[in-house]
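Chemist: Structure incoming, see below.
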Amino acid sequence: MNGSKERLVLTALVVGAVLAGGNGVGVRFSNRELDPLWGAGLRFALAAALLVAAMAALRLARPRGRAAVGAVLYGALNFGAAFGLAYYALVELHAGFGQLLLAIVPLVTLLLAVVERQERLRAVAAAGAGLAFVGIAVMSRAPLRDSVPPLSVLAALGSAFCFAQAAIVVRRFPAVHPLTMNAVGMATGAAMLVGLSMLVGESITVPEHGETWAALAYLVVVGSVVVFGLYVYVLGHWSASRAAYAFAITPIVTVILSAWLDDEPVGVELVLGGLLVIVGVYVGALRTPAVEQAEHRPGTRGGRW
């Protein structure tokens, strides 16, 4: 990958990660009025409708064959399973703490990619993921002093696993345009979430409060359409474990927004841990070995769009 393309992909990673920082806070506000599975399903149904309209305007073809299978699997894991668990977790957890738990995604992605023989375990990537994980552990000390529902923590960790597996799965199938991939994926996730919401007897209601509509608008337009468009674009050019470092940047933004908008307590552990996460991201994702850049240059498996 040449220098200008590398900078473009890096910019997409950072911008997407920063914008995703508002997602956890938005979900918390959504959960206050809407049941979690229904809130998640409504979000992705609206986002999928926007993306389908954009596909029609741009005359993008629907994926077929194995490409369609890959898009559906991506949607089932990344939007159906991962966000179903994340929305459930954020009923009880503060957005900052919940996003901190999701920041283990780079480490989980690296390990899964190695186990599934999609990537090789390199010392620099392992060191970066490990350092980011230490930062997360430090940042998590303050919330863990209080009572934290175990099921909520397990749900957040399960969500991290689903995000990681989705990033690996999508690279096993033919390339699909990021907009199309997310249109199919979000439609799949919405169908799963709404169906499960009805199955468990959640209340299917339309938001009445202005703050819920504001949160939903952000989650649909920015947190879904923009953020995951950038994420799939990055996945097309970088390895799954490297692209997953977006999840290590996002908690820093989420903690700041959650402290401001949702009165989440912030202590020295969050600040120190955040610095460790940033260093870990730099070591593991930004200082990429030359051999990995060669493996993901345009024209190879990594340069897909």
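The values are calculated or read from the model by the stated rules, or taken from the named source; none is laboratory data. This one's a predicted model, so the numbers in the text were calculated from it and none came from an experiment. For neighbour counting, all protein chains shown are included, and Cβ atoms are generated from backbone atoms with ideal geometry for every residue, glycine included.
Chemist: Tell me which of these GLY80 doesn't satisfy, since it passes every other one: (1) assigned to a helix (DSSP H, G or I); (2) at pLDDT below 95.
Modeler: Checking GLY80 against (1) assigned to a helix (DSSP H, G or I); (2) at pLDDT below 95, the one that fails is (2).
Chemist: Right, another one. Give all pairs with beta carbons closer than 7 Å in which a residue from region 16-31 that is closer than 10 Å to LEU230 by Cβ meets a residue that is surrounded by 22 or more Cβ atoms within 10 Å (Cβ to Cβ) and aromatic (Phe, Trp, Tyr); count only pairs at least 6 apart in sequence or on separate chains.
Modeler: Sorted first by the residue in region 16-31, then by its partner, the pairs are GLY16/TYR231.
A quick yes/no check of all residues on (1) surrounded by 24 or more Cβ atoms within 10 Å (Cβ to Cβ); (2) under 18 Å from VAL170 (Cβ atoms):
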| site | (1), (2) |
| --- | --- |
| LEU60 | no, yes |
| ALA76 | no, yes |
| ALA89 | yes, no |
| GLY96 | yes, no |
| PRO106 | yes, yes |
| GLU116 | no, yes |
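Chemist: Identify, from the list ARG28, ARG7, the residue that is surrounded by 17 or more Cβ atoms within 10 Å (Cβ to Cβ) and either of a type outside the set (Gly, Ala, Ser) or part of a helix (DSSP H, G or I) (or both). Quick ask: steps written out before the conclusion?
Modeler: Numbers: ARG7 fails: surrounded by 17 or more Cβ atoms within 10 Å (Cβ to Cβ).
When all the criteria are applied, what remains is ARG28.
Chemist: Of all residues being without any contact (Cβ under 8 Å) to a residue 40 or more places away in the chain and within 29 Å of VAL15 (Cα to Cα) in region 192-213, which is surrounded by the most Cβ atoms within 10 Å (Cβ to Cβ)? Just the residue, please.
Modeler: Going through the qualifying residues, I end up with TRP213.
Chemist: Quick test for you: out of ALA61, ALA40, pick the one residue that is at pLDDT 95 or above and either more than 21 Å from the chain's Cα centre (by Cα) or assigned to a helix (DSSP H, G or I) (or both). Break it down into steps so the answer makes sense when it comes.
Modeler: Values: ALA61 fails: at pLDDT 95 or above.
Criteria check complete, one pass: ALA40.
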